[in-house]
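Below is one structure, written out as structure tokens; the observations come after it.
The values are calculated or read from the model by the stated rules, or taken from the named source; none is laboratory data. These figures come from a predicted structure and were not determined experimentally. Neighbour counts are summed over all protein chains in view; Cβ atoms, including those assigned to glycine, are modelled from backbone coordinates with ideal geometry. In case anyone asks, the SASA skips ligands and DNA or RNA and just uses the protein heavy atoms, side chains included. Shrake-Rupley method; radii C 1.70, N 1.55, O 1.52, S 1.80 Å.
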Amino acid sequence: MAEVVIVPDAATAGAIVADEIARLVHANPDAVLGLATGSTPVPVYEALPARLAGVDMSRVRGFALDEYVGLDPSHPESYRSVITREVVEPLGLDPARVHVPDGSLEGIEHAGDSYERALAEAGGVDLQILGIGTDGHIGFNEPGSSFASLTRVKTLTTQTREDNARFFDSIDDVPRHCITQGLGTILRARHLVLLAFGEGKAAAVAGALEGPVTASLPGSAIQLHPHATVVVDEAAASTLRFAEYYRYTFANKPAWQGL
Ligand code: GLP
């Protein structure tokens, strides 16, 4: 099962995950990072520059999970813009080595296959950062997504569009379609690190970790992964049945294991 780490706040989660990413990049200058968007990974991205100061980042590669379809890449809320602003620029990554699925309408029918090819050519993702939607989606894999799915176009649920409306002027501006790595793609990453904060995520976290493995709650796919870490604050952990066991396990974890 996933290792569950319950922390007091998002900043502590960001520090723990940034430490792990820094360890990875120190050990492997060719590391391939799986990048998530949304508000959840922000504390990780904020904690990273200090840990990577002076480290050669020129060979590190990055792959975003998803992108909106039909949103101009220069739009401030396109995931291309978000990744550039929050990750590429602060870490000094080579923009040519950081990939985001192509959500342009022209050629969209081939964009998923191209992205899968690029991932395969890079040798796959070493560490994949994940958030989780209130409906349990990871990436933009909405309920019902196949566990075998690869990068493809999906339709966003009304709930996800409402959740993401805060990034746009109005809900009418939130695209209806997206292109996202599939659950099958995500499960190929060598280490999954899912973060969640706040009471609004408690049901999705409990379902993903302790509920049945079901396409109805796509985050439950992490139960199938041999190396998954879930870092949550107290509010997001508030309905976990085995919370005391997770705390005990983490408190007694041998230091050599890392995350
Ligand atoms: C978004 C993204 C996901 C993200 C999730 C949660 O729509 N596509 O990658 O994990 O929804 O968002 P947030 O972190 O803002 O709560």
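Where the second residue is within 11 Å of the ligand (Cβ to nearest atom) and of a type in the set (Val, Ile, Thr) and the first is closer than 24 Å to residue 202 by Cα and modelled with pLDDT of 95 or more and lies in the stretch 31-43, which pairs have Cβ atoms under 8 Å and are six or more apart or on separate chains? Between residues of the stretch 31-43 that are closer than 24 Å to residue 202 by Cα and modelled with pLDDT of 95 or more and residues that are within 11 Å of the ligand (Cβ to nearest atom) and of a type in the set (Val, Ile, Thr), the close pairs are 34/129; 34/186; 35/129; 36/129; 37/82; 40/132; 41/129. Of the residues examined, residue 235 is not one that is open to solvent by less than 10 Å² (accessible area, probe 1.4 Å), of a type in the set (A, V, I, L, M, F, W, C) and at pLDDT 95 or above.
Among the residues of the stretch 84-104, write down those that are part of a helix (DSSP H, G or I), touching a residue at least 24 places away in the same chain (Cβ under 8 Å) and either among the polar types (S, T, N, Q) or over 20 Å from residue 56 (Cβ atoms) (or both).
Taking the stretch 84-104 first, the residues part of a helix (DSSP H, G or I) are 84-91, 95-97.
With touching a residue at least 24 places away in the same chain (Cβ under 8 Å) added as a condition, the list becomes 86-88, 90-91, 97.
Once the filter is applied, which keeps residues that are part of a helix (DSSP H, G or I), touching a residue at least 24 places away in the same chain (Cβ under 8 Å) and either among the polar types (S, T, N, Q) or over 20 Å from residue 56 (Cβ atoms) (or both), the stretch 84-104 yields only 86.
Only residues that are over 27 Å from residue 182 (Cβ atoms), of a type outside the set (D, E, K, R) and either open to solvent by less than 70 Å² (accessible area, probe 1.4 Å) or not in a loop (DSSP other than H, G, I, E, B) (or both) were counted in the stretch 46-75, giving 7.
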